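**Student:** Please find one structure pasted underneath; my questions will follow.
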Amino acid sequence: MASTAPVIMRIMASSIQTAKLAGGIIRDVLKQGDLGIVDKGKNDPQTEADRSAQRCIIASLTKKFPGVKIIGEEGGSDLNVCDDWLVEDLDEEFLQKSCPAEWRDAKPEDFVIWVDPLDGTAEYTQGYVEHVTVLIGIAVKDAAVGGIIHQPFYQQPDGELGRTIWGLKGLGTGGFTHSLAPPGEFIITTTRSHSNALHQQALNAFPATKILKVGGAGFKVLQLLEGKAHAYVFATPGCKKWDTCAPEAVLEAQGGFLTDINGKNYSYNADVEHVNRQGVLASVGENHSELVYKIPRKVREAVGV
Ligand SMILES: Nc1ncnc2c1ncn2[C@@H]1O[C@H](COP(=O)(O)OS(=O)(=O)O)[C@@H](OP(=O)(O)O)[C@H]1O
Ligand SMILES: [Mg+2]
Ligand SMILES: [Mg+2]
Ligand SMILES: [Mg+2]
């Protein structure tokens, strides 16, 4: 029987299942060995895994939600996919949850789904597979509201590969255990493949006890959620709306913040510029605005207030 749950609950439940299948495709491409790397720009690779995972996600979500706008990192995809790549089912456990009142009446035309089929592509090609995530972000009008972060290479205690983290503002999060980062330290997580002089100036302004250089916006936000870092700093343009929509929604559903370096949330409607011009600053604590003011004015002015 078709579910009568509100649209946002069905999009979330379908995205959970779709992200898992996309994760399997990403593992399969690596196993088979020919990554089919194409350079989209400087330090901006695309592989067969990015292309195939995107086709699976966009074809599945388009078929299930024909009235919803979907924007994927890898551009227009051929939606004519084999049945094995079409996800029909919804995550039943998620569907049992109660929909927060604020999203209950949202209509298909209110949504934009931002898809990053493989976040951390540079790291995927270099063997840092634990940094890789599949990101499906759900915006209602301007706001990032729901998100799925799937880690295809996460090893479960029973040996199974992959785990799926979700967050919906007003409902909460699932799929991981939230921990706070160690008090008395200040650990920053940041890019390992897209640094520059401006970004370095911002990093230098923080009293960091440790700097973790890892790939992907999804993985960095997981480090915040699991207490491995206190703040995620990226003080330069480069990452895009599909990098931040899902991580922002999951982090904020857990009480954290993901904003530009001026402390402002990005907009995620269908007409926004894809590049996050004012960088990224994310944290789990209640001192987010203090972090904003640590970034030197000259960095802020160069990136654009
Ligand atoms: N300068 C530049 N050029 C092109 N692409 C860029 C740039 N900076 C960040 N990104 C994209 O942002 C995603 C995360 O990359 P990083 O971990 O290096 O940076 S970040 O700190 O999370 O922004 C990662 O997304 P994926 O392409 O999905 O892997 C990067 O491609
Ligand atoms: Mg990319
Ligand atoms: Mg990305
Ligand atoms: Mg990507």
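**Student:** Among the residues of region 35-46, what is the count of those that are farther than 15 Å from Q126 by Cβ and either touching a helix residue (DSSP H, G or I) at 6+ places or on another chain (Cβ under 7 Å) or of a type in the set (S, T, Y) (or both)?
**Tutor:** Going through region 35-46 one residue at a time, the tally reaches 1.
**Student:** Quick one: in region 1-52, which of the residues that are modelled with pLDDT of 95 or more, of a type in the set (V, I, T) and assigned to a loop (DSSP other than H, G, I, E, B) is surrounded by the most Cβ atoms within 10 Å (Cβ to Cβ)?
**Tutor:** T47
**Student:** So which residues in region 170-202 are over 23 Å from P45 (Cβ atoms), in contact (Cβ under 8 Å) with a residue 60 or more places away in the chain, in a loop (DSSP other than H, G, I, E, B) and in contact with a Phe, Trp or Tyr (Cβ under 8 Å, 6 or more places away or on another chain), if there are any at all?
**Tutor:** Hit for region 170-202 is G170, nothing else.
**Student:** Please enumerate the residues belonging to region 261-305 that are within 19 Å of N196 (Cβ to Cβ) and free of Cβ contacts under 8 Å to residues at least 24 places away in the same chain.
**Tutor:** R297, E301
**Student:** Please enumerate the residues belonging to region 203-233 that are without any contact (Cβ under 8 Å) to a residue 40 or more places away in the chain and under 19 Å from the mean Cα position of the chain (by Cα).
**Tutor:** The answer is L212, K213, Q223.
**Student:** Quick check on my filter: what residues within region 234-259 are within 21 Å of Q200 (Cβ to Cβ), away from ligand 3 (no atom under 16 Å from the Cβ) and more than 15 Å from the chain's Cα centre (by Cα)?
**Tutor:** Scanning region 234-259 gives a single hit, A235.
**Student:** Continuing with the same structure: Let me confirm something: among T190, T133, T177, which residue is in contact with a His (Cβ under 7 Å, 6 or more places away or on another chain) and under 30 Å from N287 (Cβ atoms)?
**Tutor:** T133
The values are calculated or read from the model by the stated rules, or taken from the named source; none is laboratory data. Bear in mind the structure is a predicted one, so any value in this text is a computation, not a measurement. Note that each Cβ is placed from the backbone with ideal geometry, even for glycine, and that neighbours are counted across all protein chains shown.
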